[in-house]
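The values are calculated or read from the model by the stated rules, or taken from the named source; none is laboratory data. Please read these numbers as outputs of a predicted model, since none were measured by experiment. Reconstructed Cβ throughout: ideal geometry from the backbone, glycine too, with neighbour counts over all protein chains shown.
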Amino acid sequence: MSAFYTIWLRDLTRFLRNRSRIFTSLAQPLLYLAIFGTGLSSLLSGTASLGGVSFTAFVYPGVIGLTIMFTALFTAISVVYDREAGFLKEVLVSPASRLAVALGKVASGATIALLQGLLTLPLAWLLGLPLTLGQVVQLAGIMAVLAAACTALGLLVSTRLRGIEGYNVIINFLMMPLFLLSGALFPLAGLPLWMDVLVRINPMAYATDALRQVALAGAAQPGFLAASRLHPVAVDVLVLLGFFVLFLVPAVRAFSKQE
Amino acid sequence: MSHSIEAHGLSRNYGGLRAVDGLSLSVQAGELFALLGPNGGGKTTTLGMLTTLLRPSAGTARVAGYDVAAQPHEVRRCIGVVFQGPSLDEQLTARENLDFHARIYNLPRAVFRQRSDELLALVELAERQHEPVRNFSGGMRRRLELARGLMHQPQVLFLDEPTVGLDPQTRRAMWDYLHTLRQQSGVTIFLTTHYLEEAEGCDRVAILDSGTLAALDTPAALKATLGGDVLHFRVADVQAAEQLLHAEGLAVRRGPEGLAVEVGDGPQRIPELVAALERGGHAVQAVNLRRPSLEDVFIKLTGRAIRTEAPDAAEALVRRGRMGRSRR
C-alpha cells in the first residue's frame, strides 16, 4: 500500500511541478474543437440531424475523450523515461511489490488524465451545454474509467518496449484510428459492417458514446440520443471496465516480470 | 551467518553470449570486497544478479542469507545499491529523492527525518537538500545516491563503479565516506571497479575476466603470487638480453619499458643484474624498479593490461548522454 501511494505521489508531484505541460495539453482540446467544430460544421447544411445541438457541441464529448486518451498514453510513457533515466532501477531493486508499483503507475496516470479531462469541463458552458452537478459527477466517473483503461494500455505498451522512439511510433499509430473510429466526429448509426466491427472493438467508441449521452442530455432531443447511441451509459461503462482489465492484467504481468 | 554473499556457479547468458560464467565466491560480513575487471568483463551483470535485478541463467547466490532467485523480496530488503548510471529523479529535490526511498522501503517517518538529516550531513549535501537534483553536479549526484542507498541501513551495500566520471578530489572524498561508513556501521561493501588503485584499498579482490573468475584474494596475497618486485631494464638487443637473464634462472617477459624481471628484492638485485648484463655486452640504458601492483597481477592473469583510459572516456560520454536525455 505504501509503495502504491509513493509511486502515485511522486508522479503527481512531478505533474503539478510541470505547470507548462498542464496548459499546453489544455490548448489541444481547444484547438480540436475550434478546427473540427468550425471547419466541419460549415459542411453541414443544418443542425437538425444532430438532435438540435451545434456540431461543435456534438464533437465536444469526443474531445474530452481524446484529451484523456492523449494524456493517459503520454503519461504512461514515464515508465520508459524512468527506465532510460535509470530511476526505474531504484524502484525495481526496492522491496516494494511489483504489483503495487504497477498499480501505482496506473493510478497516477489515470489521476493525471482525469484531472486534464476535468479541466475541459468548463468548455461545456461556452458551447451552450450548461451541466448539472449530477451530469458533472457522471462525466467524471466515465472519465475516470476511460483514464484507467488508457493508462493500462499505455503501461502495457511501455513495459514491453525498450525505447522512447518505439513507444511514440506505436502510440501515434494507435491514437488516430482510436479517435477517428470513436464516433467523436460522426454518429455511429448506419455504418458499413467493416467499420461497425472496428468501432465495436474500440474502447474510445464506448467512452465517447457514454460521455455524449451524459453531456448532451439536457441540450439534445432525447430521441436523437437514443437513436444514435451504441448502448446505454451503464453498458458502455461496463465494456470500458472490461477493456481496463483486459489491458491491466498483461501490463501488470509484464511489469512484474521485467528485469 | 558469517557470509554476507555466497555465489556458486553463477552464470548469465544474453542470447548466445555468456556474460558471466560459473562464478563462485563468498564475501564475509563486514568485508570491503572489490570485483575488479575490464569494462564488459561481466561486473555489472554479476552485480545485477546479486541485487535481484537480473535472473541467473545458472547457479545460485545467497545475499544476507536469502536466495536471490527464490527470495528476491527478502534480499531487496537487506541491500542498498548505488548503480553505475544515474538513478535519481532529477525533477525532485535531494530530500524528496530520499523521501521517496524511505516511503518505498516503508521506513517510519521519524526514522526518515533522522536518517536523512544524518546522511545529508555525511555526504555534505545538507545545505542543498531542497534543490532539484537537475542542478547537481555528477559528484553531488553520486553522493546523494550513496546517502539514498544507506537510508534503510542495509546489511550489504552494492556499488557499481562508484567513482566513474568523478574528478579525483570527489573520488577521494567518496572513498573517505566508504571507509568512515564501514568503521561506523560494519556494513558489508561489495563494489565493482576497473580502477586498480581503488581495488588496492579493499580487503579482498576478485578479478573477473571475460565473465570468469581469474583470481580471488587479498591485494597483498595477489601481489605475492608475482614473486616480489619487478625490474625493467632498457637495453639495445632485447632478445639476447632476454636469453642471458633467462640463463640466470629468472622469470623474464618483454614489456613496454624493456625487459621485465620478477625478483624477490628489487633494490638489492639491481647492481648485480646490471653487472651481469654488462658482462654479457649489454649496455643498460635505464633501470626501473616497480613494486608489484594489481595491474601486474592482472596482466599476468589475463595476458593484457586493464584498459582504463579509453573506455572511461566512452563511459563518461554515455553517462552524459543519458543525463541529457533524461533532462526534459
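So the values come out like this:
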{"quantity": "Number of the exception - B:Phe158 against (1) modelled with pLDDT of 95 or more; (2) assigned to a loop (DSSP other than H, G, I, E, B)", "calculated": "(2)"}
{"quantity": "Segment A:15-24 - residue that is without any contact (Cβ under 8 Å) to a residue 24 or more places away in the chain and in a helix (DSSP H, G or I) and, of those, farthest from the other protein chains (Cβ to nearest Cβ)", "calculated": "A:Phe23"}
{"quantity": "Segment B:293-319 - residue that is assigned to a loop (DSSP other than H, G, I, E, B) and surrounded by fewer than 14 Cβ atoms within 10 Å (Cβ to Cβ) and, of those, modelled with the lowest pLDDT", "calculated": "B:Arg307"}
{"quantity": "Any chance B:Pro271 is within 30 Å of B:Gly201 (Cβ to Cβ) and of a type outside the set (Asp, Glu)", "calculated": "no"}
{"quantity": "Strands (runs of 3 or more DSSP E) contained entirely in segment B:1-56, each with at least 1 residues that are more than 17 Å from B:Val205 (Cα to Cα), touching a Leu at 6+ places or on another chain (Cβ under 7 Å) and of a type in the set (Lys, Arg)", "calculated": "B:3-14"}
{"quantity": "From the options B:Arg234, B:Arg269, B:Arg290, residue that is closer than 30 Å to B:Asn39 by Cβ, surrounded by 12 or more Cβ atoms within 10 Å (Cβ to Cβ) and not acidic (Asp, Glu)", "calculated": "B:Arg290"}
{"quantity": "Residue match in segment A:57-76 (condition: surrounded by fewer than 21 Cβ atoms within 10 Å (Cβ to Cβ) and within 14 Å of chain B (Cβ to nearest Cβ))", "calculated": "yes"}
{"quantity": "Helices (runs of 4 or more DSSP H) lying entirely in segment A:149-244 (those with 1 or more residues that are crowded, with 21+ Cβ neighbours inside 10 Å)", "calculated": "A:164-180, A:203-215, A:222-228"}
{"quantity": "Any hit, segment B:93-105, residues being away from chain A (no Cβ under 13 Å) and without any contact (Cβ under 8 Å) to a residue 60 or more places away in the chain", "calculated": "yes"}
{"quantity": "Tabulated pairs, segment A:139-159, first free of Cβ contacts under 8 Å to residues at least 40 places away in the same chain, second of a type outside the set (Gly, Ala, Ser), C-beta under 9 angstrom, 6+ apart or interchain", "calculated": "A:Ala140/A:Leu114; A:Ala140/A:Leu118; A:Ala140/A:Leu121; A:Ala144/A:Thr111; A:Ala144/A:Leu114"}
